[in-house]
Every structure is written in C-alpha cells, then in structure tokens.
1. Test C:G649 against the stated conditions and say whether it is out of contact with any helix residue (DSSP H, G or I) (no Cβ under 8 Å at 6 or more places or on another chain), in the same structural domain as C:P770 (by TED's automatic domain parsing), at pLDDT 95 or above and surrounded by fewer than 24 Cβ atoms within 10 Å (Cβ to Cβ).
2. Just one of (1) more than 16 Å from ligand 2 (Cβ to nearest atom); (2) of a type in the set (S, T, N, Q); (3) closer than 21 Å to A:I109 by Cα trips up A:T33, so point out which.
3. I'd like the full set of residues that are crowded, with 24+ Cβ neighbours inside 10 Å and either among the β-branched types (V, I, T) or within 13 Å of chain B (Cβ to nearest Cβ) (or both), limited to segment C:199-219.
4. Within segment B:33-56, can one find any residue that is basic (K, R) and surrounded by 21 or more Cβ atoms within 10 Å (Cβ to Cβ)?
5. Quick check on segment A:23-40: of everything there that is open to solvent by 20 Å² or more (accessible area, probe 1.4 Å) and over 19 Å from A:I160 (Cα atoms), which residue is farthest from ligand 1 (Cβ to nearest atom)?
6. Can you give me the ranges of the strands (runs of 3 or more DSSP E) entirely in segment C:576-673 with at least 3 residues that are in contact (Cβ under 8 Å) with a residue 24 or more places away in the chain?
7. Within segment C:26-41, work out how many residues are within 13 Å of chain B (Cβ to nearest Cβ) and either over 22 Å from B:G77 (Cα atoms) or in contact with a Phe, Trp or Tyr (Cβ under 7 Å, 6 or more places away or on another chain) (or both).
Amino acid sequence: MYETNYHRASSVPDAAATFAKGKESKFLAGGQTLLPVMKQRLAAPSDVIDLSKIQEMIGIEVSGDTVTIKAATPHYDVAQSEAVQKAIPALANLASMIGDPAVRYRGTIGGSLANNDPAADYPAAVLALGATIKTNKRAIAAGDFFKGLFSTALEDGEIITAVAFPVPAKAGYAKMRHPASRFALTGVFVARTKAGDVSAAATGASQSGVMRVPAIEQALKANWSPGALDSVTISANGLLADIHGSAEYRANLVKVMGQRAVAAAG
Amino acid sequence: MSTVKLTVNGRAVSVDVEDRTLLVHLLRENLNLTGTHVGCDTSQCGACVVHVDGRAVKSCTMLAGQAAGSNVTTIEGLAKGGELHPMQAAFRDNHGLQCGYCTPGMIMSAVDIVHRHGGKLDEETVRHELEGNICRCTGYHNIVKAVLDAAGRMKVAQAAE
Amino acid sequence: MGVEGIGASVVRKEDRRFITGQGRYVDDVKMVGMSYAHFIRSPHAHAKVKGIDSAEAMKMPGVIAVLTGQQIVDDKVGNLICGWAITSKDGSPMKMGAWPAMAPETVRFVGQAVAVVIAETKNQARDAAEAVVVDYEELSAVADVKAAIKPGAAQLHPEAPGNVVYDWHLGDEAAVKDAFGKAANVVTLELTNNRLVPNAMEPRAAVAHYDQAEEHFTLYTTSQNPHVARLVLSAFYNIAPENKLRVIAPDVGGGFGSKIYIYPEEMVALWASKKVGRPVKWTGDRTEAFLTDAHGRDHVSKAEMAFDKDNKILGLRVKTYANFGAYMSLFSSAVPTYLYATLLSGQYVIPAIYAEVMGVYTNTTPVDAYRGAGRPEASYLLERMMETAARQLKVDPAELRKKNFITQFPYQTPVIMAYDIGDFNASIDAAMKAIDYAGFPARKAKAKADGKLRGIGVSCYIEACGIAPSKAVGSLGAGVGLWESAEIRVNPVGTIEVLTGTHSHGQGHETSFAQIISDRLGVPLSQVSIVHGDTDKVQFGMGTYGSRSIAVGGAAIVKAMEKVEAKAKKIAAHALEASESDIVIENGEFKVTGTDKSIALPMVALAAYTAHNLPDGMEPGLKETAFYDPTNFTFPAGAYICELEVDPGTGKTSFVNFVAADDFGRLINPMIVEGQVHGGLAQGIGQALLEGAVYDGTGQLVTASFMDYTMPRADDLPSFKLSHTTTLCPGNPLGVKGCGEAGAIGASAAVINAITDAIGNNKLEMPATPDRVWHAIHG
Ligand SMILES: Cc1cc2nc3c(=O)[nH]c(=O)nc-3n(C[C@H](O)[C@H](O)[C@H](O)COP(=O)(O)OP(=O)(O)OC[C@H]3O[C@@H](n4cnc5c(N)ncnc54)[C@H](O)[C@@H]3O)c2cc1C
Ligand code: FES
Ligand code: FES
C-alpha cells in the first residue's frame, strides 16, 4: 500500500470538508473493497476519510412502507435486523450471503453501492426494489444510479448517506456463488410491488453490471411462479464469460436463479 | 505518521505508525504479537482474524487507525491465566490443526461463530460460517468437529458462570 | 499398546504453541539490523532483459541496495539445479537450459525475478521497486504443452530444441502390441491432469544473516528439508561451505512438496545479506506464491487398455505430455517418469505396459512434486480408465476391478515396482460396505424423482512411498541417496531427545515419533522431545516428502533405539550383576527375567554418564546414531468411493457420502493418520472439483489469487468416513507404509467417476466446475 493520510470523520459535513481538502481523497467505509485494492497498489488515495464511525450514517429505520438503511450499516447488521427480516426478508437474506462473516461485520451497503462491482449482491436488490439512494447532495433513483462496471451517478466527493427501500409485496433473491471469490457468479433478485408491478434484476451476469431482466419480468407479471420461467430464454449476448462461467452458462443461471428467487419469495 | 492508541488483550498501547499500516502489521511488527498470521493479499484466507470490539474481523483489511480506541483480542489473549479457552482445547483434542498456520484465525473466527449461534450449531452451519477461513492441511473435517465440540463446552462453561 | 505408545491416538505435543499463537514461523523471526527484500519480477512470460536502471530507486528513502541478475552471475553464484537425470528413449541425456536465481538476460515466465531491492522497511523496499526501470523486449510465449511442441512455437532454451526436455519410455512396447493384437475389447481415454498451485497457507519466507567475523551464514527458511537446502546452497550455488552455513526450518506452515525446493529467493537473501552486510528478510506474499512456488501435475495423456473376452486386462499403453514450465525444478524430471509410469499397474495384473512420456518446456511457472507427485496422475488415469472400461464393457465397475486385482504377493509389475504386500479386496469390500454400494441403485432412483442426478464413483489407488532405497534411485538417475538418519540422546536423568533428519510441518512428528520411543522404552511422552529442522543440531538428513517420514525416518529411530537399548542392557546387566541376555525392558525398567531385580532407565542413564562403574572398556554416555536406508518402497493402497448429487439446473455438485478404506500398515497414531487422510482427500477433491491453474495464450496466469483460484473451503467438502484394513509392511521394522499422500492420490478419480456416472457423460475434465458440468449435461 502507498502511504496515505487517515482521517476519521465525525459527521457527514466533516467528511465532505476533509475530502475536499485532500489532493486525491477517498472515502473509507468498511474497507472491504478499498483496502484490498490499496494493498495491491491499484489505488493510491492521498487521504482516506473514514465514514464508519459517523453515528448519523449507521442504523436501520422502518417507517410506513419504507425501510431505510443508513449507508455505513454493515451487512451483518442488515442480515440480523429483525425489522428488515420482517419487512423485506429477501434483503436480509441477501445481506447474509455477502462474502463471509468477517466481511459482513465490516462491509457496508454504502460502500457496496458506491463501488458497484458487477458481481456485488446489493445492486440487484436496489435495482429490483426500486430503492432510492440518498446522498449528502440529493436523492438518486436506483434506475439512474448504476452506470456500468464500477461506475455510478455519484459525483466526486458525494457521500451516500442512506438507501430507502419501498417494502414490496413479495421478493426473493437467489445467488450462485462464484466458486473462488464467493461474489455472485450470477444472482437474481425478483420483486412484486403491492401494486402488482414486477421487476427482476441480475448481478454477476452482464458485461455492463447489474441489469434488469425484462423477459423474466414479463413472464412473472403474467404468472408469479417458478414454472412461468420454464419457457423463457435468456440471450447470452453481452453476458460475462470467464473461466468460471461461459456466457451461455450465465444466461442459464439468470433463468435458474430467477426461478429459485421466485420460489424463495413464495 | 500517527499515534494510534488502542487496547490489545486488555493492555492499553500507544504506537506511532505510518497511516498505511494495517492492524495486522501493528500487531505483528510493533507489538510482536506474531500469533496473528498473513496468508493472502486479497482478504480471503482468514489467517489474520482477530476480535475488534467483540467482532471477528480480518486484521489485514483494517487500517491500524481504524482500530484506534478499540478493544482488540488476538489469539495470544484468548487463554485466561494459562487456562486454554474451550475453543483452543477443542482444537487440540479433536486434532483440528496440523501446520498451525491457519489455526489462530480459525480459532478466533470459531469463537465468534459460537458467540453468534450459541448452542444452535450444526455441521452445515459451521461449514458455512467458516467460509472466510482457508485451511490447506486438515480438510476441515476435524476443525468442524472441534467447533461443534467447543460449542458444547462453551455452553457448559456459560451455564456454570 | 500403552496409552501413549504405538497405536494410541494421543493429542499432539506440538499443539499448545500453535493454539496459543506461540508458533514460531520464519516471518516471526526478527534480527537486530534486519533489512527487507522486495523482488522485481517480470510481468512478461518471455522477454529479453535489455537493461535495468536503478538510479531513481537508489535515491528513495531507506534504500540500501538494488541488486540484479548480472551481479549474481558476476559473483559466480551457481544456477538452480535439477537433481535427477533422465535419459531419453534414444539414449540421450535430458536437455536443460540454465536457471539463474535472477534473470540476467532472458525471463521465461511471469513472476521470474530480475532484481531485488533491499531497504530499511518492507514498504520502502516495495516503494523503491516501482522506481526501478526494467527495459524488456517482449518475445513470443507459449503456455500450453501441446502447443509448445508444434513447429514454429516459441523456443525457450537453445539447449532444448522444440522445447523437448526428454522423450522417455518405460515398459515393453512389443509385448503391449502383442496384447492389443489379441484383445477382445480396447478402451481408449484422453485426459488432462490439471495444473495445481500448492498454496501452503504460510507463504515462503527467508531470513538470512551473514556473520563477517566468522564468515558464517545463517538462514531461516520455510523448508521441508533444511539439510538438502544446505547441501544444495553450498555444493551447487557456492554460497558457503557447509560448515559455514546453518539452515533452520522452524515451524513451517504446510509444504505439500512446494517447500522441498531451494528457490531463488532464499539464495538471493543469503547472497544479499553478505553484500549489504545486514540481515535480510524476504517474506513472499500470496501473489508471489502463485507465481513462483513450484506448481503441480499438468499432464495431457492418451491411454488405451486391452481386455480379453473375460474382461481380464491384457495390456496398457499410455502416452503423456508433461508440462515442466520454464525451468527444470529440483525433482521435476523424476515426477512424470519414475514417480508416475512406475505406478501405472495400479492394483491390477496387467501383463504388458508401455508408457511414453515427453517432458516439455513452456513459458509458465516451473512444475515439480506436489502432494502425491506423479502417483495422483497415474492413479487418476488408471481409475478413470477402469470406470470407462466397466461402462463400455457393461459390467459393474467394482466387479471389473476385483476381477483384475493382484492377489499374490510379492508381485513384480512390468514397470519396475515390486509390491511387497497388500489386500486390495479387503479395502474395496470395506469401502463398499461403508457406503452401502448395493443400495445405490435405489438411492439413485429416488434422487431422480427429486430432480437430482446422483452418481457413485470408485477409485482404487496404490502408491509407492517411503522414498527411497538409495541404490535403486541412484541407478535410475537420482543425484542423492534417500535414506534417513536419527540420533537418540538419553540424558543423564533419563529424559530423551530424538534428533531426526525429517521435518514436521503439520505431520505431528513431535508426537508420533515420541510415541515410538515411549512404546519401546516405557518412558512417558512428556520426557521425550523430538528435535528437527536445524542443521546445527541434527546430523545430515533428507527431510520430509513422499510419505517417507515414518517409514524411513521412523525406521532410523528404531535402529538408533536398538543401539541405545543394547548399550543400556549392558550397563544394566553390569549394575545388576546379571547376564546381558537375561535383561528385558518393561515400563521403563531394565529387569532380570525371572527375578525381582531391576534398574530404572534414569539410573542406567546416570550410570552411563557418571561412568563410575561401567563394564570394562565401555565408553561413557548413552547416545546413538543410525542411518537407515530402506530396502524397498512401501505400498500404501486403498479404495475410495464417492456418492454425490448434481443439480442439473446449475451443474453444482454436492456430496452425499465419501468413504475411504486405506491400508497403511501399522498406525502409530490413528488420529494423526486420519488427519493426514482428511487433508489429502481435500486436496484430491479440490483438484477434481475446484482447483486449476489457468494460463492465457500469452503466458499470463489468470488464476493468480484466491479470487480466481478456487481453494477448497469448509462448505465445499463433506465429512469423511474413514476405515483401515491392515497388512503390515514387511520391509521396515515398524510395519508402517506412510499415509501423507494417499488422499490426494486416490480422491480425484472417485469424484470424477461419480459425476460422470451421475450425468451419463464421460467427457469431463478437472476441475469439474459447475460451468463444465452444466455444459457436459446440456451438450
Ligand atoms: C473476501 C470478500 C468477499 C466479498 N464477497 C462479496 C459478495 O459476495 N458480495 C458482495 O456484494 N460483496 C462482496 N464483497 C465486498 C463487500 O461487500 C464490501 O464490503 C463492499 O463491496 C464495499 O463496502 P465497504 O463498506 O467495505 O466499502 P469500502 O471498501 O470502504 O469502499 C468501497 C468504495 O466505496 C466508496 N464509499 C464507501 N462508502 C461510501 C459512501 N457512503 N458514499 C460514497 N462512497 C463510499 C469508497 O470510497 C470506495 O471507493 C466481498 C469482499 C471481500 C473482502
Ligand atoms: S491475511 Fe487476512 S484474509 Fe488472508
Ligand atoms: S493447519 Fe495448516 S493451514 Fe490449517
């Protein structure tokens, strides 16, 4: 790792101000992505600003039909939260499948979304549930947030403060783990709103990051059941291919994980 | 350079380190607590697991500065007054280690697993929960046995308290 | 068997330090004035090194020196050696290119070192390494073994035209041709044995210190054989004469073969410590381990087996291409020849065998022995062949094996090995019973009803361990003898130190070797210490690999103990005024048979050292040494059966049951033996399902971290059901055979046979990832 300057921020404004002072500042939340990257010397921030101790950025609130997860809340706390388990069990379940226990203790939802790894789990839930990403500057709709591999609508120095999830009628997540990294080789999140709208998002599959899967959405809108996807074919075009999965295999997984997600949603 | 103050195995320490120093290096190089190991560069093997404020985390994926003010327990701090922690004893009694390199991280993770699950542990859960700890020697068979055994012992120990 | 003697599952003496964080590994060693090394490594698989500019780096904070490959050549440090000479079919010696510790002119694999930075701190060394400018001229590269021997392929070494190191053969070609002529059925199989990265959890490391006044070096290193390291470092690399070089292998975090070899980094650390006049520490990181630890396996083979009309095997023909990587590592040449082709008879009567092996250079990390070394490749090939044959011949795979088992011992195979003893039917029967083989069809049908594909796979392995009779390996080209030594020191108060030339890096020698002593002399385990891993303490020894420690090292201990006993009996007889032939040893007492006269071992020891009243002419002291050279290999064997289910939707495999029935001869500590089997099975299953080193066309290692190279985790593996059948090895005094590699040798075929059974398609290569299995199911 290159030498850097570590700052522990006490509040969101403090973090933003410290960020602005550095030459090449980076926010640090759980560090479960940034630190491995820095260790490999693939990132060289002059300053790292630690968000993980900012009290206003930690915690989970449920009000009415919305579950709000503050950005620095670790995956473990989301997975364990009784409120989340009750309102959107699929989201708690997803959080419990991220990485391993030590990663879940430190990694945060804000870090995961800001990083937008094409194989990360949270983006699938955020996109399928139509969540809103709240920052220190604005609110961004999920559909506008993800901009391809490792890229988002966030501006330099913008801080995700919370993510607001509308509570769906039904939702489910199924993930085929990458054998080595344990990220999603392909994960599919399906949701049906109380109004009857259906959305499905797949992570790990596409060359351009998390994506909606219209074929699955249409089939499920007509018939919310795993069997409804039997006749769906997913095109391998534009899907990732590597030693752990060909594009055809990932296309198959989008469908099979979609079916299992629906089954899990009930 | 910064001065990092924290509590390690119950002892308050204050160390001057470069800001890029990882917790694992502070422990190994500055405090000579070499029981915590490094087995990878990608935060995956778990050889470096210690407890920070009661949670099992990878000390290779935490800056020393992030641990400032925290309470850190390493493998060296687990046995109390020369008496092995039930998890340590269970690893020995079940032959849950061979070369010993993964062992400190394994034990620290395992203690955390039992804390979280209490007596509700079964083999499948233990295997799943050990996802972040790689062992090349044991094939995990005896590690799983050891964790289940220790879960029983820890329950008994708790009940006795 | 006593509670602590042979056959007792005693908990390990060494464990306390490991479970309390007090183990002492190389990276834990600190020295006053220590500096740190960081290697500059080639990013290219094949390139000319045109220049190295270290001017900027030298100005960076903390930098002590930047040393290059040319300097190491100028200082006449020797090239790395290959210690086993193999002769090609045509009688020519193998063709090797030079392997300098740091490349002065040409790099031939990604990760090969070209220079090293020595600095005050680790971070400073790494920071400065980035400022060293290396001017490379890229050359075309080849990573695939078959591609490397094609005309027009990139050429690695001028000494080896066509990249061929050797074209070797074993067996009787004419007899095999005859056998195939008579065959009622011929079964053909093409397969790849995937390249593996050993990945011991402790990365390699070295701490080197040069004492100027004494002109003496000390090296702490992650080694399975510190004496061999010292021999090679002094005799071949010219670092220092043996008496001026101490090599210490303290606690070592796993080896699996990868820590046998004497790597460039250790050499450079030693050399650099003298050059800079400071102790030098190098600790590899995981990426360096992936790029520079010797890899394992990597064969491409074609095999044909001839059967008569009764399904008896008539002959076997094998052609194998072995990928050696860019340089010939220490034992690499022997692995696909004398450790592979000699095991191609397996557990079967095969009247005629002919094997051809071509060893090939490619622009990849050097390949050498990894747990099993040659024997897993032989076993995988044969056991997939038996399964394939059974399906083609439409007979039960277990029955086909039984029909062809060797049942008379000793048995001379057509490929050198003479099996001393075994009972292969006993092992397979035990395994079949343990897994309820007969009930499988019903379980398969039930699984099918649940939408799962269930399969069962058998693998019957045999291996040659206890490496090795020195004369025999010498006649086959080995550069060293493979005996072992032991020294037993009975101290004046009766405690005992046993010094062994083997090295324990997880195997539990400190316990099982002590059990041998305790069993024989009746002393408690707590009074027996095993000393290993330091050339200043232990006389010459050959180290630990090839499941040799108990069979060869343990036998040496027994030999030394016999000498101790003989002398102690003389002293006891003298003290008790009895005849030496009447003295027996029981529970640590020397007794005169038929009387109540006795003297305890500590008193005998004290008498030996006070020397006030010893038999006339006897030297004082009670310390004996033995060198033991085995008369034959040992032949552990067994049967593994795996039952699993495949999820047709994802191609993911999950285990239902895995049973192992092994014959290791006598077990000194069954708990430790079982632990060794578990670990071996995990590596065998890892090879079958998860692990595989992949290079792209330009020679870049695609799987260079745990992010891409799948290490077996707890949730990838089942709990194993182990059992043992026993035929005592007649070749050594303990009746032991060795158990360290069995699991890695036998497991992979059982897994693949089970998957191919489940999916009904035999076209499947390792690792059988969900992706591959899914493609095999869906075409
Ligand atoms: C071994 C391992 C396994 C993993 N497995 C999975 C997995 O299965 N699935 C999965 O989804 N992820 C996985 N991860 C990644 C993990 O979930 C990370 O926690 C997550 O990607 C990043 O969160 P973090 O809080 O650690 O962010 P950090 O690493 O601290 O930061 C990541 C990036 O986000 C920025 N950032 C952080 N917080 C904010 C914020 N509030 N506002 C703006 N920018 C911010 C940082 O500047 C940085 O660029 C794994 C990681 C590891 C080490
Ligand atoms: S060293 Fe921390 S996870 Fe490997
Ligand atoms: S005991 Fe050696 S890595 Fe686990």
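The values are calculated or read from the model by the stated rules, or taken from the named source; none is laboratory data. Treat the numbers as computed from the prediction; the structure is a model and nothing was measured. Every residue, glycine among them, receives a Cβ derived from its backbone with ideal geometry; neighbour counts consider all protein chains shown. The area values use the complete protein model at the heavy-atom level, side chains included, leaving out ligands, DNA and RNA. Shrake-Rupley method; radii C 1.70, N 1.55, O 1.52, S 1.80 Å.
1. Taking the combined requirement at face value, the residue does not satisfy it.
2. (1)
3. C:N199, C:A200, C:M201, C:E202, C:P203, C:R204, C:V207
4. Among the residues of segment B:33-56, not one is basic (K, R) and surrounded by 21 or more Cβ atoms within 10 Å (Cβ to Cβ), which makes the answer no.
5. Of everything passing the filter in segment A:23-40, A:K23 is farthest from ligand 1 (Cβ to nearest atom).
6. Values: elements: C:583-586, C:589-592, C:598-600, C:623-628, C:637-647, C:652-663.
In segment C:576-673, the matching strands (runs of 3 or more DSSP E) lie at C:623-628, C:637-647, C:652-663.
7. Keep residues of segment C:26-41 that are within 13 Å of chain B (Cβ to nearest Cβ), which gives C:26-30, C:34, C:36.
Filter once more, so that each one left must be either over 22 Å from B:G77 (Cα atoms) or in contact with a Phe, Trp or Tyr (Cβ under 7 Å, 6 or more places away or on another chain) (or both): C:26, C:29, C:34, C:36.
Total meeting the criteria: 4.
Rundown of residues vs (1) out of contact with any His (no Cβ under 7 Å at 6 or more places or on another chain); (2) open to solvent by less than 20 Å² (accessible area, probe 1.4 Å), yes/no style:
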site	(1), (2)
B:C102	yes, yes
B:K120	yes, no
B:R127	yes, yes
B:C135	yes, yes
B:H141	no, no
